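The values are calculated or read from the model by the stated rules, or taken from the named source; none is laboratory data. Only a predicted model underlies this, so the values are computations on that prediction, with no experimental measurement involved. As a convention, Cβ positions derive from the backbone with ideal geometry for all residues, glycine included, and neighbour counts pool all protein chains shown. Just so you know, the surface numbers come from the protein's heavy atoms only, side chains and all, with ligands and any DNA or RNA stripped out. Shrake-Rupley method; radii C 1.70, N 1.55, O 1.52, S 1.80 Å.
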Amino acid sequence: PHFLWLLRDSFLELKDEQGRAVPPKHYLETALEEHPLPQGGEQAHREALEYKNQTRRSIKELFPDRDCFVLVRPMHEERDLQ
């Protein structure tokens, strides 16, 4: 199956660590990178991070074909959409 992530956030800037614009697919792949578990620290924080990493692994394993698109918001102000 194909995984398609649609982003609807007109204020989100798709940039890398150096501030350069990146395509949506690159943004998705970066978001799916696992975060290293901290040594020591709170057990609850480690467990939450491991749970998120497991979700990232699952998406990558179950959906080798994935893409990302940014939706343009029709209005700048959310209240104007109602």
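Brief remarks on what is shown
- Qualifying positions in the range 1-25 - part of a loop (DSSP other than H, G, I, E, B), of a type outside the set (Val, Ile, Thr) and open to solvent by less than 70 Å² (accessible area, probe 1.4 Å): Asp9, Ser10, Leu12, Leu14, Asp16, Gly19
- Selected residue (only one of Leu37, Leu28 is among the aliphatic types (A, V, I, L, M), closer than 20 Å to Phe63 by Cβ and not in a strand (DSSP E or B)): Leu28
So that you can scan it fast, the table gives a plain yes or no per residue for (1) in contact with a strand residue (DSSP E or B) (Cβ under 8 Å, 6 or more places away or on another chain); (2) modelled with pLDDT under 95:
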site: Gly40; (1), (2): no, yes
site: Glu47; (1), (2): no, yes
site: Lys52; (1), (2): no, no
site: Asp67; (1), (2): yes, no
